[in-house]
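Pasting a structure below so you can have a look.
Every number here is computed from the coordinates shown, using simple stated rules; none is lab data. Please read all numbers here as calculations on a predicted model, not as lab measurements. All Cβ positions, even for glycine, are placed from backbone atoms using ideal geometry, and neighbour counts span all protein chains on display.
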Amino acid sequence: MKTLIVFFCIALLLMIVFQIAKVRDLAKVLRGPEEIEARNTNMTGIYLLAFGAVFLIATTLSALYFKNWILGYGPHESASAHGARIDTMMAWTLGVTYSVFVLTHILLFYYAYKYRTRKGRKAQYISHNNTLEIVWTGIPAIVMTFLVIGGLDAWNDIMGDVGTDEEILEIEATGQQFFWTMRYPGADGLLGKKDFRLISGSNPLGQDWTDSKNTDDFMNNHVVLPVGQKVRVRITAMDVLHDFYLPQFRVKMDAVPGLPTYFIFTPTKTTKQWRKELSEYAEYQIPDPEDPTKQLWENANFELACAELCGTGHWSMARTVTILEEDEFAQWAADQESFYLTTVRGTKNDPNDGMLFPAEVAQRSAEFLTAANASLETEDDADNTLVLEYVTFETGSAELTELSKYQLDDAVAFLKANTDVYAALRGHTDNVGDPDMNLNLSDARARSVRQYLLDNGITVDRLESEGFGEMMPLEDNSTEEGREANRRTELYISRTLNGAEQLSK
Ligand SMILES: [Cu+2]
């Protein structure tokens, strides 16, 4: 239907053109060709003049009308320190080119009118004019030189790297089809090492877990930054070209696989401040189409977009950028969980299985001491059993593992601090294997732990030990988790020797 209508319109237009041509031919015959020619050129000149005026006024007015939709003006003023400089340069460039645009168009349409064909007038033939050529080459060259030198100077300032003494926040943005992963440095302020050969399902960025700087790094899908803080973003990609583009901050840099790039900028307004600014513009005082209970400005967010056409899901790479006050950011960062500690630590992918981080030692100590002190407070002796969950043995033997000493040292410290406390060590196994052998093994393990405490200065009269084999399971032995919970050494503590003796008998 649409095609048909378009076809008819074109046919009608052609007919009109044809009819006009016929009318002109008839008029020529009636009036005489010269008079007609003069009238036509006259009208054409006036039409051109009018078109020029309407054209210039319309373009100028529309630019003014749409000012608030243009980057750099009104609600789209820059939100970063260097962005203001880019905006100023853009304004200068626009000022210069717009002046030339207006001037040349006034001349173009005016001359078309002024030099229209008239009776007895002959065109002048100028083959060459050096002065003219010097003027129209020289003036643009001088203006361009100023603009280009200004631009180069700004480029060098904006794209220069940070000095070693500068205090920066460094984060990393990795683009891939079709999302971004932002990596933050964690409490140490340093991003850990990466190696593409380490990339796997459980290690999406290829972080090297033997580098301790990686252990507190955390990830986020969106960008969150503190206001007034210089930020260096390491930018990289995993598959194809992407582009890290923060329009409101005038930040734009390609993300290239295998070629690290970066961008340094300082956000100058928080999301909250920006929303308040937007609330003053009528365009933002309308209901948000996606959440009509709120106005547009209330839900407005700075944006991260991919500015490289990177595939069919390219559009879905948009993320929000939230700028917080410094203390809000510190709180937010403290609430984030380290990727390593939550998903890698203690799994088969953890190369640090044989060691404990100082923070973990401190945390385990605190937990143990809290539990031990709490158990002494209660009246009931039955509450006094603490499972030494980090005390483990070599497979099938009573030899303590290297890492067991941390919790045993906590037990030593506790017994030394509470000299009136007696302790009984009780070994247990799961139900795998021969019950008698299990009984012997649990007994040997309990003695082994007792020996460690003795070796570390706890007197012999305060310590008992006994093995219970598979007799007292904590959980169901039919599952692996249950069996793991049942293989344990317990520390029974009491202020009376009797209690300790009773439970070990
Ligand atoms: Cu992309």
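Starting from the Cα gyration tensor of region 27-118, take the square roots of the eigenvalues, sort them a ≥ b ≥ c, and report rounded, prolate or oblate (rounded when a/c is under 1.5, otherwise prolate if a/b is larger than b/c, else oblate).
It is prolate, given that a/c is not under 1.5 and a/b is the larger ratio.
How much net charge surrounds residue 451 when only other residues with a Cβ under 13 Å from its Cβ are counted (Lys, Arg +1; Asp, Glu -1)?
After counting each charged neighbour, the total is 0.
So which lysines pass the test for residue 122, namely a Cα distance under 21 Å, with those fewer than 8 places away in the same chain ruled out?
114
Still on this model: With all distinct Cα pairs included, what does the Kirkwood hydrodynamic radius of region 229-291 come out to in Å, to one decimal, could you say?
Computed over Cα pairs of region 229-291, the Kirkwood hydrodynamic radius comes out at 14.2 Å.
Taking the Cα centre of region 250-360 as origin and charging only Cβ (+1 Lys, Arg; -1 Asp, Glu), how large is the dipole, in debye to the nearest 20?
280 debye
Which links in 2/22; 230/252; 230/269; 67/276; 230/272 stretch past 21 Å when you go from one Cα to the other?
Table pairs above 21 Å Cα-Cα are 2/22.
Charges at C-beta only: +1 for Lys and Arg, -1 for Asp and Glu. How large is the resulting dipole of the chain about its Cα centre, in Debye rounded to 20?
Dipole of the chain, to the nearest 20 debye: 5680 debye.
Taking only DSSP H segments of four or more residues, each worth -39500 (n - 2.57), what value at 222 nm results for the chain once the sum is divided by all its residues, to the nearest 500 deg cm²/dmol?
Computed mean residue ellipticity for the chain: -14500 deg cm²/dmol.
Can you tell me the convex hull volume per residue for region 239-371, based on C-alpha atoms, in Å³ to the nearest whole number?
Expressed per residue, the convex hull around the Cα atoms of region 239-371 is 229 Å³.
Work out which helices of the chain, taken as complete DSSP H runs, extend at least 24 Å along their axis over the Cα atoms and score a mean Kyte-Doolittle of 0.0 or more, then list them.
Correct list, ordered by number: 2-31, 33-65, 81-114, 130-159.
Compute the projected area of the convex hull of the Cα atoms of region 358-504, averaged over all viewing directions, and report it in nm² to one decimal place.
Convex hull of Cα atoms, orientation-averaged projection: 8.6 nm².
Rank-order 191-198, 289-296, 125-132 by packing density, defined as the average count of other C-beta atoms within 10 Å over each peptide's residues, highest first.
Ranked by mean Cβ neighbours within 10 Å, highest first: 191-198, 289-296, 125-132.
Ranked highest first by average number of other Cβ atoms within 10 Å, how do 440-450, 366-376, 97-107 line up?
Order by mean packing, descending: 440-450, 366-376, 97-107.
Per q in 0.07, 0.11, 0.12, 0.13 Å⁻¹, report the Debye log10 I(q)/I(0) for the chain, using one uniform scatterer on each alpha carbon and no solvent.
-0.70, -1.08, -1.14, -1.20
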